[in-house]
Amino acid sequence: MEFDSIVPVDDICMATGLICLSQKRALRHYAFSDGRELTVNTARNEWAMKNPDEFGSASSLAEKLVLVDNGSLSKAIELVDALYTERYSIPATFGYMPISRPTWDFTDTCHPKNRELGRLMTRYGLSMDNVKFHTLEGSMPHVKSQEPERVLAMSVGEDRDSFMAFNGLVFRQIGDAGMSTVGQRRKDQICMVYEYPLDFLTLMESVIRNDVYPVMARRYHIILNGKRGLAEAYEYLKSNPDFLEVRCFMPKNEFGQRAFASINDAVKGTAINRSDLFHGYSSLFEKYRPKVPESYRKWKVSLVKKGNKVDLSETRNVGQKEEKTKIGTRPLSGGEKSAVIDRKEGGLKL
């Protein structure tokens, strides 16, 4: 009971390296390496599988994934704790590597299928259906070792021959610098402007999950890719006054402020700042990425206060009957007293 109350089923999947294929509202679909699929209902904190039909809570999933040893859930707790420690270290925004790479260094491109990249995107709260639709996967020589490194990349520029690559730590330019665009130009269209590809992917994930993607798909999206694409976006928006609205989702940092000011200047002061969508956070990515559950944080704090570790195998059995607490009686001080009701003013009087 204690484990199920502090650890979401969804986090058991992430901690064990399962990849999220897709999600819609409260349902997240994960894939095993053998092709089987597991569905997590985040609202009910339960999981289910077909053929054979199985379902259960976080503790039963931990047992199914062989994370329970002699009734102890300590191994599962260790994996989840490592996942939560990683979450604390994820930045709100990622930096850009100053050294760019030529386009011929980006080889073996395909739709994203690398399991490590899939696990990374899952831990960031993104599903592979969304990632595959907007990005490519390819190999690049590592900066230091020159060994091949698998990265995700979004196309840059109108010819789409250049890319902005991401390896989980930093963005890297491949080919010419510039902004990325998603969507086709339409009449009376809304333009959405982001700084980072992850902010764009995060918003797309949110609209897919909430089943409003068709509306968002008709809009035009511009990703600045840092200061390199800001000048290009400025000229593009200045020379295209036929947008119905220009909405900006800049991170709350110094560059984000300068970027919004520049874009607002390009559209003659008509840009709309939508940072209210991530009020209290520094970026869209930071708001929507998975968080450490409050119940788990409180549980960890209670352990620190007690100064010891709890083995969840020693917790009380759910089916065990509780002993009724014996309620003792003691005489009232001052001897026996009586109470009468005051008929005029109401209330009790001793």
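Condition check ((1) assigned to a helix (DSSP H, G or I); (2) among the hydroxyl-bearing types (Ser, Thr, Tyr); (3) within 20 Å of Leu230 (Cβ to Cβ)) across all residues:
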| position | (1), (2), (3) |
| --- | --- |
| Leu117 | yes, no, no |
| Leu120 | yes, no, no |
| Val131 | yes, no, no |
| Ser139 | no, yes, no |
| Val151 | no, no, no |
| Arg160 | no, no, yes |
| Phe163 | no, no, yes |
| Ala177 | no, no, yes |
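For the range 92-120, give me each residue that is under 19 Å from the mean Cα position of the chain (by Cα) and touching a residue at least 60 places away in the same chain (Cβ under 8 Å).
Ala92, Thr93, Phe94, Gly95, Arg115, Gly118, Arg119
What is the number of the single condition among (1) of a type in the set (A, V, I, L, M, F, W, C); (2) open to solvent by 60 Å² or more (accessible area, probe 1.4 Å); (3) in contact with a strand residue (DSSP E or B) (Cβ under 6 Å, 6 or more places away or on another chain) that Leu18 does not meet?
Against the list (1) of a type in the set (A, V, I, L, M, F, W, C); (2) open to solvent by 60 Å² or more (accessible area, probe 1.4 Å); (3) in contact with a strand residue (DSSP E or B) (Cβ under 6 Å, 6 or more places away or on another chain), Leu18 comes up short only on (2).
Which members of the range 21-42 meet the condition of being touching a Ser or Thr at 6+ places or on another chain (Cβ under 9 Å), surrounded by 14 or more Cβ atoms within 10 Å (Cβ to Cβ) and not basic (Lys, Arg)?
Answer for the range 21-42, where residues must be touching a Ser or Thr at 6+ places or on another chain (Cβ under 9 Å), surrounded by 14 or more Cβ atoms within 10 Å (Cβ to Cβ) and not basic (Lys, Arg): Leu21, Ser22, Gln23, Leu27, His29, Tyr30.
Among all residue pairs at least 6 apart or on different chains, which show Cβ distances below 6 Å where the first residue, located in the range 198-214, is farther than 17 Å from Ile90 by Cβ and free of Cβ contacts under 8 Å to residues at least 60 places away in the same chain and the second is open to solvent by 10 Å² or more (accessible area, probe 1.4 Å) and of a type outside the set (Val, Ile, Thr)?
Val207/Tyr213; Val207/Met216
Tell me which of these Asp34 doesn't satisfy, since it passes every other one: (1) without any contact (Cβ under 8 Å) to a residue 24 or more places away in the chain; (2) touching a strand residue (DSSP E or B) at 6+ places or on another chain (Cβ under 7 Å).
Tallying (1) without any contact (Cβ under 8 Å) to a residue 24 or more places away in the chain; (2) touching a strand residue (DSSP E or B) at 6+ places or on another chain (Cβ under 7 Å), Asp34 fails exactly one: (2).
In this structure, does Arg123 turn out to be charged (D, E, K, R), under 29 Å from Pro141 (Cβ atoms), open to solvent by 40 Å² or more (accessible area, probe 1.4 Å) and touching an Asp or Glu at 6+ places or on another chain (Cβ under 9 Å)?
On the way: charged (D, E, K, R): yes; under 29 Å from Pro141 (Cβ atoms): yes; open to solvent by 40 Å² or more (accessible area, probe 1.4 Å): yes; touching an Asp or Glu at 6+ places or on another chain (Cβ under 9 Å): yes.
When the stated conditions are applied, Arg123 passes them.
The values are calculated or read from the model by the stated rules, or taken from the named source; none is laboratory data. Just so you know, these numbers come straight off a predicted model, no measurement behind them. Don't worry about glycine lacking a Cβ; one is built from the backbone with ideal geometry, like all the others, and counts go over all protein chains shown. Remember, those area values only see protein heavy atoms, side chains included, never the ligands or the DNA or RNA. Shrake-Rupley method; radii C 1.70, N 1.55, O 1.52, S 1.80 Å.
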